[in-house]
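The next block holds one structure in the form of structure tokens; read it before the comments.
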Amino acid sequence: MKKGIDFRPQIFEALKHYSKEKFMSDLMSGVIVGIVALPLAIAFGIASGVSPEKGIITAIIGGFIVALLGGTNVQIGGPTGAFIIIVYGIIQNFGFEGLAIATVVAGIILVIMGILKLGTVIKFIPYPIVVGFTSGIAITIFTTQMKDLFGLHIDKVPADFVSKWICYFQHLNTINIWSLLVGLASILIIVLAPRFSKKIPGSLIAIVLMTTIAYILRNFCNVSGIETIGDRFTINASLPTPEPIKFNMESINLLLPSAFTIALLGAIESLLSATVADGVTGDKHNSNTELIAQGAANIIVPIFGGIPVTGAIARTMTNINNGGKTPISGIIHAFVLLLILLFLGPLTKHIPMSCLAGVLIIVSYNMSGWRTFRSLMKNPKSDVSVLLITFFLTVIFDLTIAIEVGLLIAMLLFMKRVAETTHVSVVKDSIDLSNESEIHHDKEVLTLPEGVEVYEIDGPFFFGVASKFDDVMHSIGKQAKLRIIRMRKVPFMDSTGLHNLENLYRMSKDEGITLILSGVNKSVRDVLINRNSIKKSEPRTFAATSMKLFQKHGNCRAHKLRQTWIKKTVGTFVPTVSFNSLTLIQQRNSYTYSVVHTLDNRFTLYPFRMLFAIQDYP
């Protein structure tokens with residue numbers, strides 16, 4: 001594993017073999033993506049509760065930084081629909097200054113994630129949670145656009161989902177038919193545009209066409225009621241000046257959950273976008289570098305008045321489909337948006353709000369993933385419960401709560417599944433070795449002598465199965481003289497499992513019962529040693545005691561082995577005690593060996609280098 005920070009911006013690798021042909025492809029793609037990004041940046045900015053130029057500024061600065069420092073060749077960064085709900089809520093509760101603090105803290109979290117090489121974090125987010133909150137966000141975005149789509153006259157729209165719809169129904173008598181027609185026409189254009197042109201996005205066609213029609217209706221046909229961006233916002237078509245952000249611990253503590261949500265959303269969406277892009281282009285992105293780039297963008301953008309940034313799947317795919325080859329296309333896209341802001345920015349004031357509502361309704365439909373949602377409803381009940389809980393919490397309450405509760409429930413259900421697959425069994429009479437197919441194939445039964453009990457733990461030994469282990473231990477009798485705990489199928493053990501094991505050891509010691517651990521793997525052994533539960537000298541004592549017990553309580557017979565053979569094979573002459581096909585040998589170096597005595601009187605030596613274990617056969 002490589003040490004150090006895994007930060008290798010893709011642009012430096014791309015420039016090593018850059019050519020005129022690649023530049024022309026990047027130029028064409030960058031111009032198209034810049035034009036495509038314009039209506040989305042404006043719509044996302046307004047829907048998030050800020051002025052439209054702040055959405056454009058976010059796309060310019062964020063897109064530039066993501067392309068310059070990112071670990072993907074074709075990633076396009078900017079504002080996305082996933083952030084609308086969380087950003088709007090932060091602004092309503094803490095103002096724009098609170099949003100700036102939350103975004104910077106989220107950027108720092110993303111940078112730390114990249115430095116710690118947590119780029120695979122998306123793999124640890126259960127898919128039902130991602131689908132649940134994405135579909136919830138889509139429903140919420142759709143809900144927020146009803147006022148502008150229908151041109152309703154509402155002074156202040158309620159914040160929560162249910163109250164919004166109650167308010168909409170109460171104001172149905174204020175519908176403006178012209179706004180509704182503009183909005184519906186915009187939706188129809190966006191849906192039908194791909195049939196006629198794959199290059200020009202339907203959202204851009206709808207905005208240009210509906211803005212022109214609305215301008216004519218308002219200024220030449222005396223039609224009123226079609227609200228435009230200029231009626232609600234003052235457009236500042238100039239380069240923003242950096243402004244310091246005032247931090248204090250009180251604000252950071254209040255905004256930390258929201259910052260965590262922004263960071264998690266940014267990581268999920270950007271890495272998902274990069275993964276989708278890899279599937280199309282055949283490249284392989286650097287997820288850690290991508291996280292650091294996303295973090296840097298979210299640290300810098302708020303200084304210039306922007307909102308959270310992440311990788312945008314739709315714009316990234318537009319970049320690929322139009323020939324984008326390197327991060328240069330993302331940089332060109334940022335410069336195109338800058339030129340539009342400086343020279344065409346004032347014209348955006350004529351865009352109808354109902355037209356932007358139509359754009360966002362299509363965005364919400366594409367985000368909803370209703371087909372995926374429907375297919376997940378056929379999954380196991382645990383997945384369905386996580387999906388529905390995350391979805392309804394996102395819609396009714398808050399995205400931050402939805403993600404936190406969804407992750408908690410998913411973890412609890414996962415632990416329940418693991419606990420259900422872990423079994424603790426008790427063997428008092430015999431062990432059927434033929435069932436252990438990794439070594440044995442023929443029918444062979446190992447008969448246990450009186451006073452010997454064997455317990456097998458099959459699966460992880462952690463706090464989730466503690467009660468199961470306790471139940472088995474409390475149900476056992478006190479007539480045993482020797483207890484063997486087979487742990488060959490225990491991949492790991494936590495402190496709770498270790499505590500239970502120590503309790504069993506003390507209980508057995510008080511009752512005069514010898515306890516042997518069998519088949520302990522290295523990771524579990526290390527836990528035992530680090531906890532100081534075991535001393536290195538104990539295995540010898542345990543082995544010697546067990547041999548005496550076998551001699552005393554078992555139907556065992558000693559095998560005389562030639563001293564020269566023992567010296568040659570083991571390195572020292574030691575006594576052996578045979579128990580059916582199992583012979584235990586204790587060697588002076590604190591390791592335990594198992595000698596298999598076969599029917600033809602041949603001996604095979606198997607070393608099991610376990611400090612706190614006697615490896616039973618097999």
All positions within the range 119-136 that are touching a Leu at 6+ places or on another chain (Cβ under 7 Å) and either among the hydrophobic types (A, V, I, L, M, F, W, C) or closer than 30 Å to PRO9 by Cβ (or both): GLY119, ILE122, ILE129, VAL131, PHE133
Residues of the range 168-198 classified as part of a helix (DSSP H, G or I) and under 37 Å from the mean Cα position of the chain (by Cα), total: 12
Hey, ILE389 farther than 27 Å from PRO158 by Cα, modelled with pLDDT of 90 or more and surrounded by fewer than 24 Cβ atoms within 10 Å (Cβ to Cβ) or not: no
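Condition check: part of a helix (DSSP H, G or I) and of a type in the set (Gly, Ala, Ser). Does GLY330 satisfy that?
yes
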Set ALA296, ALA312: member being touching a strand residue (DSSP E or B) at 6+ places or on another chain (Cβ under 9 Å) and either over 26 Å from ILE139 (Cα atoms) or open to solvent by less than 10 Å² (accessible area, probe 1.4 Å) (or both): ALA312
The range 452-476 - residue that is open to solvent by less than 20 Å² (accessible area, probe 1.4 Å) and either farther than 19 Å from SER518 by Cβ or small (Gly, Ala, Ser) (or both) and, of those, modelled with the lowest pLDDT: ALA466
Any hit, the range 248-257, residues being more than 38 Å from the chain's Cα centre (by Cα), surrounded by 10 or more Cβ atoms within 10 Å (Cβ to Cβ) and aliphatic (A, V, I, L, M): no
Residue in the range 203-214 that is open to solvent by less than 40 Å² (accessible area, probe 1.4 Å), modelled with pLDDT under 95 and not in a helix (DSSP H, G or I) present: no
Tabulated pairs, the range 223-252, first closer than 17 Å to ILE340 by Cα, second of a type in the set (Asp, Glu) and surrounded by fewer than 14 Cβ atoms within 10 Å (Cβ to Cβ), C-beta under 7 angstrom, 6+ apart or interchain: none
Qualifying residue in the range 34-49 (condition: within 25 Å of the chain's Cα centre (by Cα), buried (at least 24 other Cβ atoms within 10 Å of the Cβ) and either aromatic (Phe, Trp, Tyr) or part of a helix (DSSP H, G or I) (or both)): yes
Pair list, Cβ under 6 Å, 6 or more apart: the range 165-177 residue over 11 Å from LEU149 (Cα atoms), other residue in a helix (DSSP H, G or I): TYR168/MET146
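Out of ILE57, ILE11, report the one residue that is within 27 Å of MET353 (Cβ to Cβ) and among the aliphatic types (A, V, I, L, M). Break it down stepwise before answering.
Details: ILE11 fails: within 27 Å of MET353 (Cβ to Cβ).
Sole residue among the options that is within 27 Å of MET353 (Cβ to Cβ) and among the aliphatic types (A, V, I, L, M): ILE57.
Mind listing whichever residues of the range 259-293 are among the hydroxyl-bearing types (Ser, Thr, Tyr) and open to solvent by 20 Å² or more (accessible area, probe 1.4 Å)?
Scanning the range 259-293 gives THR275, THR281, SER287.
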Filter result (open to solvent by 70 Å² or more (accessible area, probe 1.4 Å) and either of a type outside the set (A, V, I, L, M, F, W, C) or modelled with pLDDT of 85 or more (or both)) within the range 192-202: ARG195, LYS198, LYS199
Hey, GLY132 over 28 Å from ILE331 (Cα atoms) and at pLDDT 90 or above or not: yes
Number of the condition not met by VAL301 [criteria: (1) within 30 Å of LYS147 (Cβ to Cβ); (2) surrounded by fewer than 22 Cβ atoms within 10 Å (Cβ to Cβ)]: (2)
Filter result for ILE245 (of a type in the set (Val, Ile, Thr), under 24 Å from HIS153 (Cβ atoms) and surrounded by 12 or more Cβ atoms within 10 Å (Cβ to Cβ)): no
In the range 315-327, residue most open to solvent (accessible area, probe 1.4 Å) [restricted to those that are part of a helix (DSSP H, G or I) and not polar (S, T, N, Q)]: MET317
Residue within the range 60-77 that is within 24 Å of GLN145 (Cβ to Cβ) and in a helix (DSSP H, G or I) present: yes
Top-ranked residue of the range 437-447 - restricted to ones that are open to solvent by 20 Å² or more (accessible area, probe 1.4 Å) and not in a strand (DSSP E or B), ranked as modelled with the highest pLDDT: GLU444
Residue that is modelled with pLDDT under 80 and more than 30 Å from LEU482 (Cα to Cα), where the choices are LYS378, LYS416, LYS428: LYS416
Failed item in (1) outside any helix (DSSP H, G or I); (2) under 24 Å from TYR88 (Cβ atoms); (3) polar (S, T, N, Q), with SER251 passing the rest: (1)
Residues satisfying the stated conditions in the range 222-242, i.e. of a type outside the set (A, V, I, L, M) and open to solvent by less than 70 Å² (accessible area, probe 1.4 Å): GLY225, GLU227, THR228, GLY230, PHE233, SER238, PRO240
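The values are calculated or read from the model by the stated rules, or taken from the named source; none is laboratory data. The model shown is predicted, which means the values in this text are computed figures rather than measured ones. Ideal geometry is used to build each Cβ from the backbone, glycine not excepted, and the neighbour counts take in all protein chains shown. Ligands, DNA and RNA are stripped out before the accessible areas are found, and what is left, the full protein with its side chains, is counted by its heavy atoms. Shrake-Rupley method; radii C 1.70, N 1.55, O 1.52, S 1.80 Å.
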